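Have a look at the structure below, then the notes.
Every read-out reported here was derived from the displayed coordinates using simple, explicitly stated rules and does not represent laboratory data. This one's a predicted model, so the numbers in the text were calculated from it and none came from an experiment. Quick reminder, even Gly has a Cβ in these numbers, built from the backbone with ideal geometry, and neighbours come from all protein chains shown.
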Amino acid sequence: MSTTAQPLKKLVSGIVLNLDGTLLNTDGIVKEILKVFLVRYGKQWDGREALKISGKTPIESAAVIVEDYGLPCATEEFISEITPMFSNQWCKIKALPGADRLIKHLRNHEVPMALASNSPKADIEAKISYHEGWKESFSVVIGGDEVMTGKPSPEIFLEAANRLKIEPSNLLVIEDSVPSVTAGKAAGMEVVAVPSLPKQTHLYNSADEGSRVLCH
């Protein structure tokens with residue numbers, strides 16, 4: 001990773017991390033599953049929705065795919081069909097470079113950590129169960145199904161602060177998507193962006209407001 005902006009404004013008391021695209025390399029799995037799934041409908045995944053679905057909730061992402069590809073099914077049907085395909089692949093998702101080292105470092109220094117993802121909590125817990133020491137490292141795990149509105153709403157981050165019992169302004173968010181960076185800033189937290197779209201780093205400018213932009 002390399003830094004390209006100013007240092008953080010202040011010390012922080014805790015960390016809130018995203019999972020997919022920040023700690024886990026899920027992009028490849030998503031692409032492969034969508035390629036296979038769309039073939040059923042005579043469609044070919046071309047990656048044009050990558051930006052549209054980045055950081056979205058599962059329902060929002062599904063709605064984008066159904067609409068853009070003109071699939072003859074409802075969003076709910078799409079989700080029910082594709083969810084088992086994803087569940088079978090959780091064990092194959094690898095940690096992104098530096099993720100294990102970061103988690104271990106924060107744990108060894110007793111830094112409070114929360115996971116806050118738009119994914120359902122059950123999926124989050126299933127994914128981290130395949131990575132040694134991760135489950136025990138997070139004192140708080142929040143899924144998108146536990147809040148009323150997902151990112152870019154700040155609700156999930158504010159809930160993380162509440163459960164950690166730390167003021168939002170004393171928390172650092174580490175995120176990979178533009179909606180998530182927006183949510184972290186709206187929650188009044190410091191934000192470090194690890195862009196999931198390396199060629200679109202200009203979209204993450206809001207993370208520079210007292211924060212940093214990091215690239216894998």
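Got a sec? How would S129, S13, S177, S119 order by Cβ neighbour count within 10 Å, fewest to most?
Ranking S129, S13, S177, S119 by Cβ neighbours within 10 Å, fewest first, gives S129, S13, S119, S177.
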>> Which chymotrypsin sites (Phe, Trp or Tyr not before Pro) in segment 125-163 sit in a loop by DSSP (not H, G, I, E or B) and have at most 16 other Cβ atoms within 10 Å of their own Cβ?
In response: Y130
> Once amide H atoms are placed 1.01 Å from N in the peptide plane, what residues at a sequence separation of 5 or more from V16, or on another chain, have their amide H within under 5 Å of its amide H?
Replying inline: A114, L172, V173, I174
>> Quick check on packing: order 141-149, 14-22, 94-102 by the mean number of other C-beta atoms within 10 Å, highest mean leading.
In response: 14-22, 141-149, 94-102
> Over segment 27-91, what per residue volume does the convex hull of the Cα atoms give, in whole Å³?
Replying inline: 82
> If the limit is 29 Å between Cα atoms, which of K43/K185; K35/K56; K94/K165; K92/K165; K52/K185 go over it?
Replying inline: K43/K185; K94/K165; K92/K165
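Grab the beta carbon distance between M148 and V111, set R0 = 35 Å, and tell me the FRET efficiency rounded to 0.05. Could you put the intermediate results ahead of the total?
Working: r = 28 Å, r/R0 = 0.81.
Here the calculated transfer efficiency is 0.75.
Please report, in debye to the nearest 20, how large the charge dipole of segment 27-91 is about its Cα centre when each Lys and Arg carries +1 at its beta carbon and each Asp and Glu carries -1 there.
On the way: 7 positive and 10 negative charges, 37 e Å.
It works out to roughly 180 debye.
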